[in-house]
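The values are calculated or read from the model by the stated rules, or taken from the named source; none is laboratory data. As the structure is a computational prediction, the values presented were derived from the model and not from experiment. Here the Cβ positions follow ideal geometry from the backbone for every residue, glycine too, while neighbour counts run over all protein chains shown.
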Ligand SMILES: O=C(O)CCC(=O)C(=O)O
């Protein structure tokens, strides 16, 4: 079993927390995820969504490292140079957001680095909207030995099972990395389901997640989760940024090119 931050630690830091409250702290470590409603202005989410839409490729496939100009250009060569600059700058600002650095700092009591960003458009009517992610643990991709990989997801529109939202298995983050069958993640082709399929121990129950634009969803890297297909008439763009405490090992990936950027 993964050793989680204990009650004692909570006691030590209780007086110091200013970005989350005690209940949020406990929820995260009990369930392995935390939704914070109205984390940022919906106008800001709109700006990021519109900007990322302008740089999407014609298929609206998943794009990695959209905070980096050169990666955007490689994945969407026909997009406009200026639009790419704006989009990558906006995403980098989201990644370095001081409030999120504060939230993660209080959850882990460590300085954080951000290693990756992903946009999953699930644009209505496209082949990529169909993609339902297999139940997986994100940490299976980066193999962080102390189980400290974190995903922070921003729904850029409403997000529910009907339009391709997430499900989770609360409490499953307390497991170490589970036996799994390797499957491509963000680089998967249209028509195939992404995510290293892991075994789901019997004691965990599936829970569907619904979120609104402006909310944020923080997930422990060992939490089993997946998602639904989007057959609705509403797109489901989701921007994910991944963090680790500074100094923790991670696999950069053969094609993912994860790189640590300090939040300080
Ligand atoms: O956005 C989705 O549909 C699922 C994303 C996901 O599970 C992941 O990136 O690990």
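Observations on the model:
- Residue among 264, 254 that is free of Cβ contacts under 8 Å to residues at least 12 places away in the same chain, more than 16 Å from the chain's Cα centre (by Cα) and assigned to a loop (DSSP other than H, G, I, E, B): 254
- Close Cβ contacts (under 6 Å, 6 or more residues apart or on different chains) running from residues in segment 184-202 that are within 15 Å of residue 126 (Cβ to Cβ) to residues that are outside any loop (DSSP other than H, G, I, E, B) and within 12 Å of the ligand (Cβ to nearest atom) comprise 190/128.
- Test: residue in segment 192-205 that is on the phi < 0 side of the Ramachandran plot, in a loop (DSSP other than H, G, I, E, B), touching a strand residue (DSSP E or B) at 6+ places or on another chain (Cβ under 6 Å) and more than 11 Å from the ligand (Cβ to nearest atom): no
- Options 240, 224; residue that is within 11 Å of the ligand (Cβ to nearest atom), closer than 17 Å to residue 38 by Cα, in contact (Cβ under 8 Å) with a residue 24 or more places away in the chain and under 15 Å from the mean Cα position of the chain (by Cα): 240
- Residue match in segment 86-95 (condition: surrounded by 19 or more Cβ atoms within 10 Å (Cβ to Cβ), at pLDDT 95 or above, farther than 17 Å from residue 154 by Cβ and in contact with a helix residue (DSSP H, G or I) (Cβ under 7 Å, 6 or more places away or on another chain)): no
For every residue, the table says whether it meets (1) in contact with a strand residue (DSSP E or B) (Cβ under 8 Å, 6 or more places away or on another chain); (2) modelled with pLDDT under 95; (3) closer than 28 Å to residue 252 by Cβ.
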| residue | (1), (2), (3) |
| --- | --- |
| 172 | no, no, yes |
| 183 | yes, yes, yes |
| 188 | no, yes, yes |
| 207 | yes, no, no |
| 210 | yes, no, no |
| 216 | yes, no, yes |
| 219 | yes, no, yes |
| 225 | yes, no, yes |
| 234 | yes, no, no |
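- Within segment 64-176, helices (runs of 4 or more DSSP H) holding 3 or more residues that are away from the ligand (no atom under 12 Å from the Cβ): 69-75, 81-95, 98-108
- Subset tally (residues that are more than 14 Å from the ligand (Cβ to nearest atom) and surrounded by fewer than 18 Cβ atoms within 10 Å (Cβ to Cβ)) for segment 208-221: 1
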